[in-house]
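Trainee: Before I ask anything, here is the structure I am working with.
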Amino acid sequence: MSIKLICAISKNNVIGNENKLPWSISEDLKRFKELTSNNWIVMGRKTFDSIGRPLPNRKNIVLSKNKNLKIDSVEVFNSPKDVIDSYKKNSDQKDLYIIGGTYIYELFFEYCEYLYITYVDKEYLGDAFFPKVDWNKWKLISEDSRYDDKEKANYYFRDYKRI
């Protein structure tokens, strides 16, 4: 039972463009599904809108400033503290994954014990960026190097634990 952040990040720190992923790496999506299934996921409203539906086999949480926002099959919270409090009371030994976007990552970063990063070794145009990280506070616990033919790019699954 821990709080984890999961994100794919390009060489130039891009995580999104026009509310979409700027790349299509099927192995990254498979990894995301494997890690987050049967757990809790937290996202901002824009990220939810870009996905277009609650993700199956997960407790979907949207963090929004809109106190009147209602989304079918999704719990809506208005503060990170409310999310964390609910998680601690009701998680039933599940993990809590922070899945984006930028602002949500910034809000929850201090609570995260693990980072699950897909580093895409290629630059992309984008309008959403991963927050600055002091990597000295994180220990790389595993790395898996891959290549995607469609994107013509190396990418790495890098898992970190807070020191």
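Trainee: Give the carbon-plus-sulfur fraction of the accessible surface of the range 39-78 in %, rounded to a whole number; probe 1.4 Å, heavy atoms of protein chains only.
Mentor: C and S atoms contribute 44 percent here.
Trainee: Once Rh for the range 94-147 is found with the Kirkwood sum over Cα pairs, what is the Stokes-Einstein diffusion coefficient at 20 °C and 1.002 mPa s, in µm²/s?
Mentor: D, rounded to a whole number, is 162 µm²/s.
Trainee: Enumerate the aspartates and glutamates that residue 33 could reach by cross-link, defined here as Cα to Cα under 15 Å, with residues fewer than 8 away along the same chain left out.
Mentor: Once the sequence-local aspartates and glutamates are set aside, what remains near residue 33 is 95.
Trainee: While we're looking at this one, here's another question. What dipole magnitude, in Debye to the nearest 20, does the chain give about its Cα centre under +1 on Lys/Arg Cβ and -1 on Asp/Glu Cβ?
Mentor: 360 debye
Trainee: Follow-up question, since we're still on this one. Would you list 59, 20 from the most to the least accessible area, probe 1.4 Å?
Mentor: Greatest to least solvent exposure: 20, 59.
Trainee: If you don't mind, another one. Out of the total accessible area of the range 116-160 (probe 1.4 Å, heavy atoms of protein only), what percent is carbon and sulfur?
Mentor: 47 percent
Trainee: At 1.4 Å probe size, with every protein chain present, just tell me what the per residue accessible area of the range 37-163 comes to in Å².
Mentor: 59 Å²
Trainee: Could I ask something else about it? So what is the 222 nm mean residue ellipticity for the chain from helices alone, if each DSSP H run of at least 4 adds -39500 (n - 2.57) and you divide by all residues, rounding to the nearest 500 deg cm²/dmol?
Mentor: -6000 deg cm²/dmol
Trainee: Same structure, new question: Identify all lysines with a Cα-Cα distance to residue 11 below 19 Å; exclude those on the same chain that are fewer than 8 residues away in sequence.
Mentor: Once the sequence-local lysines are set aside, what remains near residue 11 is 20, 122, 132, 150, 152.
Trainee: Just need the relative contact order of the chain here, percent rounded to a whole number, with Cα pairs under 8 Å and 6+ apart.
Mentor: In percent, rounded to a whole number, it is 34.
Trainee: Separate question: Filter the GluC sites (Glu not before Pro) in the range 1-92 to those in DSSP coil with at most 11 other Cβ atoms within 10 Å of their Cβ, and list the result.
Mentor: 18
The values are calculated or read from the model by the stated rules, or taken from the named source; none is laboratory data. All of these numbers come straight from a predicted model, not from anything done at the bench. Virtual Cβ from ideal backbone geometry, glycine too; neighbours counted across all protein chains shown. Ligands, DNA and RNA are stripped out before the accessible areas are found, and what is left, the full protein with its side chains, is counted by its heavy atoms. Shrake-Rupley method; radii C 1.70, N 1.55, O 1.52, S 1.80 Å.
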